[in-house]
1. Given the conditions (1) crowded, with 16+ Cβ neighbours inside 10 Å; (2) at pLDDT 95 or above, report the number of the one that A:T179 does not fulfil.
2. Test each condition in (1) of a type in the set (A, V, I, L, M); (2) at pLDDT 95 or above; (3) closer than 28 Å to B:T187 by Cβ for B:L19 and report the one that comes out false.
3. Can you work out which of the residues in the stretch B:260-317 that are among the small types (G, A, S) and part of a strand (DSSP E or B) is nearest to B:W129 (Cα to Cα)?
4. Would you check which residues across the stretch A:136-162 are in a strand (DSSP E or B) and within 10 Å of another protein chain (Cβ to nearest Cβ) and list them?
5. Quick check on A:V210: is it over 17 Å from A:Q189 (Cβ atoms) and of a type in the set (A, V, I, L, M)?
6. Among the residues in the stretch B:356-365, are any more than 18 Å from B:Q396 (Cα to Cα) and at pLDDT below 95?
7. Confirm whether A:I475 is over 30 Å from A:A298 (Cα atoms), crowded, with 18+ Cβ neighbours inside 10 Å and over 27 Å from the mean Cα position of the chain (by Cα).
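The values are calculated or read from the model by the stated rules, or taken from the named source; none is laboratory data. This is a predicted model, so every value here is computed, not measured. We place every Cβ from the backbone using ideal geometry, glycine too, and count neighbours over all the protein chains shown.
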There are 2 protein chains.
Amino acid sequence: MSKEITARSADYSQWYNDLVLKGGLADYSAVKGCMVIKPYGFALWEAMRDVLDRKFKETGHQNAYFPLFIPKSFLSKEAAHIEGFAKECAVVTHYRLKNDPNGGGVVVDPEAKLEEELIVRPTSETIIWNTYKDWIQSYRDLPLLINQWANVVRWEMRTRLFLRTAEFLWQEGHTAHATAEEAVAETTQMLNVYADFAEHYMAVPVVRGVKTANERFAGAVDTYCIEALMQDGKALQAGTSHFLGQNFAKAFNVQFSNKENKLEYVWATSWGVSTRLIGGLIMVHSDDQGLVLPPRIAPLQVVIVPIFKGEEQKANIDAKVNTLIADLKKLGVSVKYDDSDNNRPGWKFAEYEMKGVPVRIAIGARDIENGVAEVARRDNKTKETLPLEGLAQRIQDLLEEIQQNLFNKAKSYRDEHITRVDTFEEFKQVLDGKAGFVSAHWDGTSETEEKIKELTKATIRCIPLNNPQEEGVCILTGKPSKERVLFARAY
Amino acid sequence: MSKEITARSADYSQWYNDLVLKGGLADYSAVKGCMVIKPYGFALWEAMRDVLDRKFKETGHQNAYFPLFIPKSFLSKEAAHIEGFAKECAVVTHYRLKNDPNGGGVVVDPEAKLEEELIVRPTSETIIWNTYKDWIQSYRDLPLLINQWANVVRWEMRTRLFLRTAEFLWQEGHTAHATAEEAVAETTQMLNVYADFAEHYMAVPVVRGVKTANERFAGAVDTYCIEALMQDGKALQAGTSHFLGQNFAKAFNVQFSNKENKLEYVWATSWGVSTRLIGGLIMVHSDDQGLVLPPRIAPLQVVIVPIFKGEEQKANIDAKVNTLIADLKKLGVSVKYDDSDNNRPGWKFAEYEMKGVPVRIAIGARDIENGVAEVARRDNKTKETLPLEGLAQRIQDLLEEIQQNLFNKAKSYRDEHITRVDTFEEFKQVLDGKAGFVSAHWDGTSETEEKIKELTKATIRCIPLNNPQEEGVCILTGKPSKERVLFARAY
């Protein structure tokens with residue numbers, strides 16, 4: 001089997017695909033635009049999901065489940081929303097197949113046409129707010145803090161594994177509040193939950209900011225986001241949290257009686273992250289030898305490979321390894337002992353390197369005599385010979401070092417790739433050179449933003465939170481500006 | 001608010017709906033046949049899912065995720081399969097909406113018609129076996145042991161919350177093996193996993209058996225099942241595990257080279273349980289006061305309600321309760337302290353009774369003086385006054401007693417409702433009387449089975465595993481029979 005990976009410098013996009021496919025994360029499927037998430041990729045998603053789910057519950061949210069299908073008329077009730085999603089949705093029109101009487105095989109039964117078409121959810125605001133109408137009567141029913149883990153479908157023409165697929169997995173939080181202030185507080189709280197998750201678990205540094213009107217979610221008053229930087233200098237939106245104002249409450253007539261017994265429309269938020277995060281994770285840390293996964297979410301943290309000739313050597317190694325495994329498990333470290341004889345140690349080394357397992361331990365007969373093992377780090381490819389005595393604790397510490405190192409490395413890269421420019425010439429030079437985020441003044445209009453996008457393919461990724469105020473002039477129009485915003489080419 | 005529940009004796013079906021709706025488990029949705037699973041119901045599903053997922057992983061399975069959509073032609077490749085699912089499937093025919101140029105609002109864009117229709121998965125054998133074709137080449141790739149947690153859609157005309165909905169949540173295991181023996185062993189292993197889960201977690205006794213040809217899964221060689229008995233004497237199929245032979249391997253041309261380097265078709269199994277289990281759980285244990293949930297899967301095991309007048313009494317109670325809560329949490333018991341002042345204690349008692357919380361602890365000012373608390377069991381409605389000293393441990397033991405009691409009670413009921421009959425007259429009498437399972441001889445033909453169903457609405461639920469062999473004659477035709485089978489009217 002060929003496990004050769006295209007180098008980043010040769011073809012970044014092919015490098016990415018190689019990692020996803022050969023690393024065993026996902027596969028193409030027979031359905032255009034839809035992917036198969038393979039066991040290793042799904043284990044990674046489960047690890048990420050479990051951390052997020054715990055954080056959602058710690059902040060008072062409960063999970064629920066709403067229908068996959070949305071009546072067409074619901075989608076149309078919020079004007080910006082239908083505008084945003086109509087062009088890319090899967091439409092169910094019939095509910096039965098039958099045998100073609102003319103011998104054409106199995107065909108759609110024209111008599112089983114739905115009265116109203118159903119849309120496979122691209123997001124669930126409409127069906128959820130239609131439900132909340134029945135659940136919310138009084139201020140006592142608020143806040144309503146609900147999250148859903150689900151599959152959604154957006155009919156994309158050009159797809160990339162994890163980054164952009166017709167069907168993807170995600171979570172969508174949908175909350176209802178009595179006041180605008182509370183809803184805004186929720187929106188920023190969840191943005192911070194995402195940022196904390198990205199930085200402390202995925203080891204991916206992110207910029208927290210707010211989107212411009214052009215890049216806002218269809219139906220939102222404000223869209224907050226976290227933006228990450230990939231190794232090719234392109235940005236990736238890693239999570240969004242929307243303040244929806246009263247738009248959906250008005251569209252679905254969701255009112256509550258306040259403490260003064262007056263009817264008011266409810267204030268809303270929604271927030272989500274998806275399997276797209278996996279694409280970002282890959283592109284931030286991995287290298288030309290394969291995936292590099294941060295220990296806190298790696299499906300497997302440690303692999304142990306024995307090197308031996310004959311049963312006697314094997315038995316000696318097994319005895320020591322079994323103790324080590326028990327010690328590691330006691331410390332909560334996930335570990336696999338790969339003593340299969342199908343493959344040679346060198347093949348195994350390459351395989352686990354490809355899969356991004358953070359720590360590899362190799363133990364040979366001579367090592368046993370010396371009471372040591374060879375410990376190799378995936379992140380910086382260093383190796384050390386360490387005593388078996390106390391090794392489990394050392395490994396646990398090492399995993400934490402690796403986690404920190406990955407974050408620090410990614411943060412240095414990201415920080416080196418935020419460039420302040422004051423002219424459009426410099427702006428273009430940076431984009432075509434080192435790329436990354438470009439911090440520049442902009443006149444605040446959608447027209448200028450679109451013009452810059454047209455000329456450079458760069459979009460405003462966000463206006464950073466707590467952005468310093470500074471007098472300046474727009475790089476394109478020369479009109480006055482009060483703050484810099486972050487531009488980048490993006491996924 | 002009215003939390004009145006219809007009595008089982010008055011209208012069993014209405015009693016069931018009352019429990020689901022007023023117990024906060026699920027709600028109807030705006031989409032015909034689809035339900036909303038509310039937070040309390042979803043927490044119950046999560047508890048069930050977590051146990052099952054652990055058991056699947058312990059038996060060597062990994063999770064993965066396959067596309068929601070299945071090309072129409074795939075569904076047609078296995079003859080029995082398309083026959084079984086064609087009549088009830090949601091068909092996606094278009095991928096875009098647009099504004100009607102004639103002012104008819106948002107309509108399906110006729111130019112965005114799919115070349116081939118996509119079916120929303122009713123089950124995933126076809127898309128998965130089409131994928132396995134690329135994953136399996138050699139005997140070294142086998143067994144392949146994969147599970148998927150997913151939503152599926154079967155277009156049902158008459159729906160019941162949890163029991164029969166157009167969309168439902170489930171897991172589907174799909175495994176590939178080198179030999180028929182291994183695949184059969186997997187099929188029965190997973191049947192036993194389901195039975196163990198039903199009995200030890202849901203406290204629902206089940207009969208393990210095999211389906212007759214009439215009741216087999218569309219595409220299976222053999223369908224194994226677990227069957228449970230509801231309080232109205234009707235049976236409910238609670239899980240199925242299918243030995244698929246080489247049917248799907250042949251339909252999708254999945255072959256492997258064996259150790260002798262010869263090509264063979266792969267042997268398959270699939271197995272699943274769904275949110276339907278929640279319907280069964282409700283109907284086995286609950287009573288006219290509300291839900292009764294077994295402690296091992298109850299989202300909340302213990303609720304504590306303070307009874308006080310004034311802040312000073314409250315503070316005294318709080319102090320003791322905080323210690324108790326800490327002790328319970330240390331033992332892994334989930335507990336909620338409901339000290340909200342929105343509702344009176346009596347209202348709270350009724351509410352948690354409705355929700356089936358296994359243990360309720362009430363503590364008043366006098367109790368604190370005496371160092372005791374009142375502990376009420378949901379299952380048998382008994383109350384005891386117990387010392388606060390050592391109470392957490394006592395509660396933990398009590399939860400185990402409740403778990404056992406629920407199982408024993410359900411098992412006694414079930415065992416009393418298995419009736420052996422030898423004539424068709426008796427058969428009908430039992431069905432129209434105490435109902436339950438009827439153990440009777442049958443001549444082994446599909447015609448007789450269908451005739452009996454037509455005459456009585458009873459179906460053969462299963463041929464129990466390890467069924468004693470016994471000479472007899474068919475209750476309908478008088479033809480010879482070698483074993484009894486279990487009939488029942490069923491959900």
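1. Going through the list (1) crowded, with 16+ Cβ neighbours inside 10 Å; (2) at pLDDT 95 or above, A:T179 breaks only (1).
2. Here B:L19 clears every test but (3).
3. Applying the first criterion (among the small types (G, A, S)) to the stretch B:260-317 yields B:268, B:270, B:272, B:274, B:279-280, B:286, B:290, B:298, B:310, B:315.
Now narrow it down to the ones that are part of a strand (DSSP E or B): B:268, B:270, B:272, B:274, B:290.
On the way: B:A268: 9, B:S270: 11, B:G272: 16, B:S274: 21, B:G290: 44 Å.
Within the stretch B:260-317, the match that is nearest to B:W129 (Cα to Cα) is B:A268.
4. Filtering the stretch A:136-162 down to residues in a strand (DSSP E or B) leaves A:138, A:144-153, A:160.
Passing the criteria: A:L144, A:L145, A:I146, A:N147, A:Q148, A:W149, A:A150, A:N151, A:V152, A:V153.
5. no
6. Within the stretch B:356-365 (the criterion being more than 18 Å from B:Q396 (Cα to Cα) and at pLDDT below 95), the answer is yes, since at least one residue qualifies.
7. On the way: over 30 Å from A:A298 (Cα atoms): yes; crowded, with 18+ Cβ neighbours inside 10 Å: yes; over 27 Å from the mean Cα position of the chain (by Cα): yes.
Here the answer is yes, as A:I475 does meet what is asked.
Residue by residue, here is whether (1) surrounded by fewer than 22 Cβ atoms within 10 Å (Cβ to Cβ); (2) touching a helix residue (DSSP H, G or I) at 6+ places or on another chain (Cβ under 7 Å) holds:
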position: A:K250; (1), (2): yes, no
position: A:N258; (1), (2): yes, yes
position: A:Y265; (1), (2): yes, yes
position: A:G279; (1), (2): no, no
position: A:M283; (1), (2): no, yes
position: A:Q289; (1), (2): yes, yes
position: A:V302; (1), (2): no, yes
